[in-house]
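What follows is a set of notes on a single structure, which appears directly below.
Each value in this text was obtained by applying a stated rule to the coordinates, not by laboratory testing. In this text the structure is predicted, and so the values were computed from the model without any measurement. Positions of Cβ are backbone-derived with ideal geometry, glycine not excepted, and every protein chain shown enters the neighbour counts.
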Amino acid sequence: MNAFTYAEPSESQPEIPLLGGDVTEGVVQVGDTVRRPVGPHTPLVHALLRHLEEVGFAGAPRLLGIDAAGREVLTFVSGEVAGRPRPGWIADEERLASVGRLVRDYDDAVAGFVVPAGVRPGQGVSPPPGMPPAPPYPAELVGHMDYTPDNIVFRDGRAAALIDFDLAKPVPRVDEVCNAMLYWAPLGDPADADPLLRGVDVPRRCRILADAYGTSDVDRSRLVEVAVLRTRRAWFSMKQIAEERGGGWARMWEEGVGDEIKRREAWLERNGATIHAALTAP
Ligand SMILES: Nc1ncnc2c1ncn2[C@@H]1O[C@H](COP(=O)(O)OP(=O)(O)O)[C@@H](O)[C@H]1O
Ligand SMILES: [Mg+2]
């Protein structure tokens, strides 16, 4: 038994499957804990979760150890996660602003985190051939980078905690804001959006998120550029992960996520100027 072995309570409790995520199979709740499979990303995520605990960041689960089945054990964060079908509040602007504030709080809490020596951030695969370069801005912190509605726990009508840090990686802050917009504005062809988010004013929602985060003027001016570049890269990286990892990733690719990304790119080309104007207006 090593220091990270989770000591189970004496009474055994049932395993309740937690659905909602797209990719990780076997996420279960056991009592007031969650068990998730580990992977190549785990050393970074665990160092990150320990840092968040050390600095007293309340908006993330705590890491409790590894169980006898080799799964990570996290605290269960109580509250409300959007799930599917999406709840009516998914389009609510107060909730949207609270997401921007939580992303900011997380980014400020993680800003002092240094990736430990020997820990490789990212998905651990080399970039696929043909993948366009990343935005030319230096990383500022280890971003969460997966702000889907399924990864945010709400309490009292406000975004209160983040879960699922599997995609965390070093990024500039503008990428964090861009990622939150991707799911919450949302950025993409309305045909691909949840019905509840189809008629919303996307540029206005981008502005609400950017303001709530406290996005700098420089980052506002870079945001659309970053969104386009990230979208172009996403097509290549999703294809690669689907091929290399299979499972939920392959299912998403078969279901047409690649075409959805292409439609998002075209939509961004058509709407980027309007979003840029909304973000940079006084
Ligand atoms: N620590 C946690 N506290 C509360 N709910 C959780 C926790 N971890 C996961 N969940 C729930 O389980 C769902 C799937 O887990 P997640 O870790 O996001 O897996 P995936 O990698 O498949 O997205 C989440 O959308 C959330 O509803
Ligand atoms: Mg998830």
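Please identify which residues in the stretch 91-118 have an amide N closer than 16 Å to a label point set 7 Å out from the Cα of R198, following the Cα→Cβ vector.
91
Taking amide H positions as placed in the peptide plane 1.01 Å from N, state which residues far from V28 in sequence (5 or more) or on other chains have amide H under 5 Å from it.
So V28 has HN proximity to L18, R35.
To the nearest 10 degrees, how steep is helix 42-54 against the longest Cα principal axis of the chain, on a 0 to 90 scale?
Helix 42-54 sits roughly 90 degrees off the main axis of the chain.
Per 0.36 nm of contour for each residue apart, how much would the distance between A277 and R155 grow if the chain were fully extended, relative to their Cα-Cα spacing? If you can, show how the numbers build up before the last one.
Working: separation 122, 0.36 × 122 = 43.92 nm, distance 3.27 nm.
Net length gain for the segment: 40.6 nm.
If the elastic network links every pair of Cα atoms under 10 Å, which of E255, E53, E94 fluctuates the most in the Gaussian network model of the chain?
E255
Against the longest principal axis of the chain, how steep is helix 93-110, in degrees 0 to 90 to the nearest 10, with axes from Cα atoms?
Taking the Cα atoms of the chain, the angle to 93-110 is about 60 degrees.
Take the chain, drop everything but the C-alpha atoms, weight them equally and run the Debye formula without solvent; then report log10 I(q)/I(0) at 0.07, 0.11, 0.13 Å⁻¹ to two decimals.
These q points yield log10 I(q)/I(0) values of -0.25, -0.64, -0.92.
Remind me, relative contact order of the chain in percent, using alpha carbon pairs under 8 angstrom and six or more residues apart? Display every interim value, and only then the final one.
Details: 446 pairs, mean separation 52.5, N = 282.
Contact order relative to length: 19 percent.
Helix 217-245: angle to the longest alpha-carbon principal axis of the chain, degrees 0 to 90, nearest 10?
Orientation of helix 217-245: about 50 degrees from the principal axis.
Calculate, in nm to one decimal, what V28 and E11 gain on full extension: separation in residues at 0.36 nm each, minus their alpha carbon distance. Let's see the in-between values first.
Values: separation 17, 0.36 × 17 = 6.12 nm, distance 1.72 nm.
Result for the pair: 4.4 nm of gain on full extension.
What order, most packed first, do the peptides 60-70, 218-228 have when packing is the mean number of other Cβ atoms within 10 Å of each residue?
Details: 60-70: 16.2, 218-228: 20.3.
Output ranking for 60-70, 218-228: 218-228, 60-70.
Which one of Y183, Y106, Y137 has the biggest mean-square fluctuation once the chain is modelled by GNM with Cα springs under 10 Å?
Sorting by GNM fluctuation, first place goes to Y137.
Between W89 and D217, what is the label-to-label distance in nm when each label sits 7 Å out along the Cα-to-Cβ direction?
3.6
Please name whichever of P85, A117, I275 sits farthest to the positive end of the charge dipole of the chain, dipole taken about the Cα centre and charges placed at Cβ: Lys and Arg +1, Asp and Glu -1.
Of the options given, the answer is I275.
If you place +1 on the Cβ of every Lys and Arg and -1 on the Cβ of every Asp and Glu, how big does the dipole about the Cα centre of the stretch 217-282 come out, in debye to the nearest 20?
The calculated dipole for the stretch 217-282 is roughly 60 debye.
Given a 10 angstrom Cα cut-off, can you work out which residue in G26, G130, G247 is the most mobile in a GNM of the chain?
Comparing G26, G130, G247 in the GNM, the peak value goes to G130.
Just to confirm my numbers, what's the Cα centroid distance between the stretch 143-198 and the stretch 48-115 in Å?
One Cα centre to the other: 12 Å.
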